[in-house]
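Notes to accompany the following structure.
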Amino acid sequence: MEKSIEDLWKEGFKNPEKLATPKVDEDFYRQKSMLITEGMRKTQKWDTYLALPLAVVFQVAFAHYYTWWLGTYTAALMLLLFFAGYRHIKKQKPLAVGGDVYHYLIQYRNKLKRFIRRWTVYMAIGTPVFVLPTYYFFFFEWSDKGPKILEKLGPTSFAFFVVGVAILLSVFGTIAYRLSVLALYGGKLRKLNQAIADMEGLAKE
C-alpha cells in the first residue's frame, strides 16, 4: 500500500494536472505521524507517571524500615522528576488538522532530542544525589563501617573517595537512562526518522 501511495506522490510532482494526488500521500503521512507521535506521548506519560507510585513506595519503605527523613528525601526526588516530565508532556501539541506534517515532525523530533539531553543531565546529577545520602545513612547511622573507613583513609582521601563514587554513579545513571531510552523509544524513534526521511526523499524526486 505504501508503494502505491509513493507512486501517486511522484506522479503528482511530474504532472501538474495531478497535483491533487500528493494530498492522498499527505493524508497517509498525517495518519502515520499521528500514530507515531501518539505512541511516543503515551510512553512518555507512562514513564513520567511511574514516578508517583515509586515516590510512595520509597516514602513508606524507608520510613518504616529505616528513617522518615530518608523516605521523604527520596520521595521528594521522585516528585521532582514527575513534575519535570509532566511539564514536558503538557507542552506538547498534537498535529493540527491541515498543518504541515513534515515541519511538525521535525519540530517534534528536535523537542524530543532536547528532552532526552535534558534528562540525561538530570540522571547524571540525580543518581549520585539520590544514592550517596542512602550510603551515608547505611554506613554512618546503621553501622560503624563509615567511621572506620573515614579514620583509615583520612578526611582528604575520603573526600576523593566520595567524589570518585559520585562520578561512577553519574556514569552509571547516564548509561542506565540511555539504555532505557533505547528500550522504550528506540523503535518509535526509528519510525519517526524513517517517516521524515521518506517525506524528504519524495520531495526530492
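What are the residues in the stretch 73-89 that are aliphatic (A, V, I, L, M) and within 17 Å of residue 114 (Cα to Cα), if any? Give the steps one after another, and end with the answer.
Of the residues in the stretch 73-89, the ones aliphatic (A, V, I, L, M) are 75-81, 84, 89.
Passing the criteria: 81, 84, 89.
One residue is enough: does the stretch 55-65 have a residue meeting the conditions touching a Lys or Arg at 6+ places or on another chain (Cβ under 8 Å) and surrounded by 17 or more Cβ atoms within 10 Å (Cβ to Cβ)? Reasoning before the result, please.
Our first condition is that a residue be touching a Lys or Arg at 6+ places or on another chain (Cβ under 8 Å); within the stretch 55-65, this holds for none.
There is no residue in the stretch 55-65 that is touching a Lys or Arg at 6+ places or on another chain (Cβ under 8 Å) and surrounded by 17 or more Cβ atoms within 10 Å (Cβ to Cβ).
Just one of (1) at pLDDT 80 or above; (2) crowded, with 16+ Cβ neighbours inside 10 Å; (3) among the β-branched types (Val, Ile, Thr) trips up residue 116, so point out which.
Failed condition: (2).
List the pairs whose first member sits in the stretch 47-72 and is in contact (Cβ under 8 Å) with a residue 24 or more places away in the chain, whose second member is surrounded by 14 or more Cβ atoms within 10 Å (Cβ to Cβ) and polar (S, T, N, Q), and whose Cβ atoms are under 8 Å apart, counting only residues at least 6 apart or on separate chains?
From residues that are in contact (Cβ under 8 Å) with a residue 24 or more places away in the chain, the pairs are 55/74; 70/134.
Name every residue in the stretch 81-99 that is of a type in the set (A, V, I, L, M, F, W, C) and at pLDDT below 85, in order of residue number.
81, 84, 89, 95, 96, 97
The values are calculated or read from the model by the stated rules, or taken from the named source; none is laboratory data. Note that the structure is predicted; figures quoted are calculated from it, not measured. Note: ideal-geometry Cβ built from the backbone for every residue, glycine included; neighbour counts use all protein chains shown.
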